[in-house]
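The values are calculated or read from the model by the stated rules, or taken from the named source; none is laboratory data. Just so we're clear, the structure is a prediction, and the values are computed from it rather than from any experiment. Note that each Cβ is placed from the backbone with ideal geometry, even for glycine, and that neighbours are counted across all protein chains shown. For accessibility, only protein heavy atoms count, side chains too; no ligands or nucleic acids. Shrake-Rupley method; radii C 1.70, N 1.55, O 1.52, S 1.80 Å.
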Amino acid sequence: MLQFENEKILYALLLIPIMIVIYVYLYYRYKKRIYAYGEKHLITRLTSDVSMFMQHLKFSLLCLIWCCLVFALANPQRGMGLAKEKRKGIEIMFCLDVSNSMLAQDYVPNRIEAAKRSVMSFIDKLQGDKIGIVIFAGKSFVQLPITSDYAAAKMFVNNISTTQINTQGTDIAGAIDVAAASMLPQAGLLSNNAALAKQKKTNKAIIVVSDGEDHFDEAVEVAEQVAKQGIHVYTLGVGSTQGEPIPIRTKSGVDYKKDKDGNTVITRLNEQVLKDIAQAGNGAYIYANNAYMGFEELKNQLDKLEKTEMEEVSFSIYESKYYIPLWIAFFLTIVELFLFSRKLFDIKIMQRIKRNNILPCYLLIVILSIANIAFGQTKEELQAVRAGNRQYKQAEKLNQEAEKLQSQQRQSNQNEIAEKNRQAQALYNNANTNYIKANTSTGNYYKSLFNQGDALYRQGKYEDAQKKWASVLENTQIDKTTKAKTYHNLGNSLLQQQKYQESIEAYKQALKLEPKDMDTKYNLEYAKKMLLMQQQNQQNNQQNNQNNKDNKENQDKKDQNQNNQDKNQDNNQDNNQDKNKDNNNQDKQDKNKDNKKDNQQESPADRQKREQMKRQLDALQQNEKNTQEKVQLKETQTGRPVKQEKDW
């Protein structure tokens, strides 16, 4: 199988017909001018040493040299076929927790770095097994599908960080679900499809590396379902049971994560959850301390599983053959230099060489050789790029089909839409894997970096896509069109992250290179609109915060004044009560004093007179009472009122 790495360069072959037309025009013009000096037979005799055949041959050689140079620049490649082999082993899917709690420093340097080092050491000890990686926090993603490429697996593990998933939490159930679906892709997710029960049971293992702070309750149930499909679930507990704060980086240095009440968050290893999951998943729980991560015991547990025979198909291998047309061009150039437009016996070879400077041709060939050697990639890397491109195109096709079904707005299409989206995401992830392989040695091949950014963008990893496109822009060899597309995509990734000002600058750079790009113009206007809305929202929030602050201050002042008034009123009441009490006490004292004084100043005659007056008053009151009783008795007997007569 033959293919070209840079297929667009082949368009340069279209210059050959143009060169032929120009050559034919100049040839007939030359003949016309020559024959204008005399008759044809005389001119022929005078130019008997001139060979038109040699001139045509030289021109043909120049055209062949041009074709060879174009082919060399396009870099022809020959496919070496597919390599198949069978081996015995098991399939292992690591589910690695990347939530913020894994940044706790009860391990050196922290939990996630210690776990990554141990996983890479574990991979070095595998033989014949396949391995895959799922990262999870509040959501789960397949970082690396099942593969036997241990070098790629270690590279992916080394690149894992807590910033890869924005949604925080620890959804162990979702991670196990995604891992099982990746190991049995024809069935889909456990939560969406019950077809897993019909799958052939094979020896597979899911290893959950986490601190166990599960924020969801379905992990044990999902582990039970996975165990029914022949997949063993092992858990590896990372962290201390005493607890550790979560460090976060700030502008002023390192701080610790706090909750909404301002208290420092302490993360602890929840061994019970991990033990329950392992028991339900027909596996085992292993505690990983700082000195012993437990992977030796885990390896012993996995060795107990029966290994099955698996067929592995390696990637297609392509070998660059650019040097073949380059050497042909070099040989034809030498031949052309020793061919003359005259007959060979009529001219000396050295005179011809002296008259024609061949140094530019040599320099051109040397430069092309150096360029292909310097910027050519290995056959494995080129194969990985093409495999990634095929997978990306398939994913795009599935996305288009899903969008078409979505536009029909039928409820019956929802399952099919979900399945197509899932397949597309898996293909995007596989394409990303191949693009990473393409940069194994060079690390700056702009085509694979550009395409990898596209794959990451489609997976919703906008920050990672931004980094890849920024790396493409650092390459000074990219053409103007590619640079404009890169700026456009960079603006899209920034726009998705709500970094509107940065996206506007990226779109402006793209329009400087491609002023007529309508998509970039539209996105630029949209970004400006979103930036304006963001600024207005910020102003409104600031105004609301200021108003709330002012209202709170006014309310505090009002409450303080009311408290002062109440306090003053209470004080006044207390003072009045004290004063009244004092006055009453004073009156009693004065009265007692007056009585005492009167009693002391009263003589015996006066006392006798006062007692006599008191007896007379009592007698009058008794007479009045008797009179009233008589009147009432009379009214009762006669039925009419009787005139009352007083006897005093």
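Assorted remarks:
- Residues with amide H under 5 Å from that of T147, placed H, sequence gap 5 or more: I131, G132
- What the Cα atoms of the stretch 139-183 give is an Rg and a Dmax of 11.6, 31 Å.
- In this structure, V24 and T476 have a Cβ-Cβ separation that, at R0 = 45 Å, corresponds to a calculated FRET efficiency of about 0.65.
- Cross-link check: pairs K116/K397; K260/K461; K275/K304; K461/K552 evaluated at a Cα-Cα cut-off of 31 Å; pairs beyond the cut-off: K116/K397; K461/K552.
- Placing T486, T476, T147 in order of accessible area, with the largest value first and a 1.4 Å probe, yields T476, T147, T486.
- For the stretch 56-73, putting each phi into the Karplus relation 6.51 cos²θ - 1.76 cosθ + 1.60 with θ = phi - 60° gives couplings of 5, 5, 4, 5, 4, 5, 4, 5, 5, 4, 4, 4, 5, 5, 5, 5, 5, 5 Hz, in residue order, rounded to whole numbers and with x for Gly and Pro.
- Solvent-accessible ranking of S210, S140, S121, largest area first, probe 1.4 Å: S121, S140, S210
- Stretching Q497 away from K125 to a fully extended chain increases their span by 129.9 nm, per 0.36 nm per residue minus the current alpha-carbon distance.
- In the structure shown, the pairs K154/K204; K447/K483; K468/K528; K8/K512; K204/K299 are assessed against 22 Å; a Cα-Cα span above that value is assigned to K468/K528; K8/K512.
- For F4, distant residues with modelled amide H under 5 Å away: Q77
- Ranked order, W327, W66 - accessible area, probe 1.4 Å, largest first: W327, W66
- Under the simplified labelling scheme, the E7-Q608 pair shows an inter-label distance of 15.2 nm, with each label point 7 Å from Cα along Cα→Cβ.
- Phi angles across the stretch 557-564 convert, under the Karplus curve 6.51 cos²θ - 1.76 cosθ + 1.60 with θ = phi - 60°, into 3J(HN,Hα) values of 5, 5, 5, 5, 5, 5, 5, 5 Hz, Gly and Pro given as x.
- Electrostatic bookkeeping for V134 treats Lys and Arg as +1 and Asp and Glu as -1; over the other residues with beta carbon under 12 Å from its beta carbon, the sum is -2.
- Across the stretch 83-168 the C-alpha pair distances fall into 10 Å bins from zero in the proportions 17, 47, 27, 7, 1 percent.
- Point-to-point label distance, A418-A619, nm (Cα→Cβ direction, 7 Å offset): 11.7
- Karplus-derived HN-Hα couplings along the stretch 328-334 (A = 6.51, B = -1.76, C = 1.60, θ = phi - 60°), whole Hz, x at Gly and Pro: 5, 4, 4, 5, 5, 5, 5
- Modelled this way, with points 7 Å down the Cα-to-C-beta line, the labels at D550 and R117 are 5.7 nm from one another.
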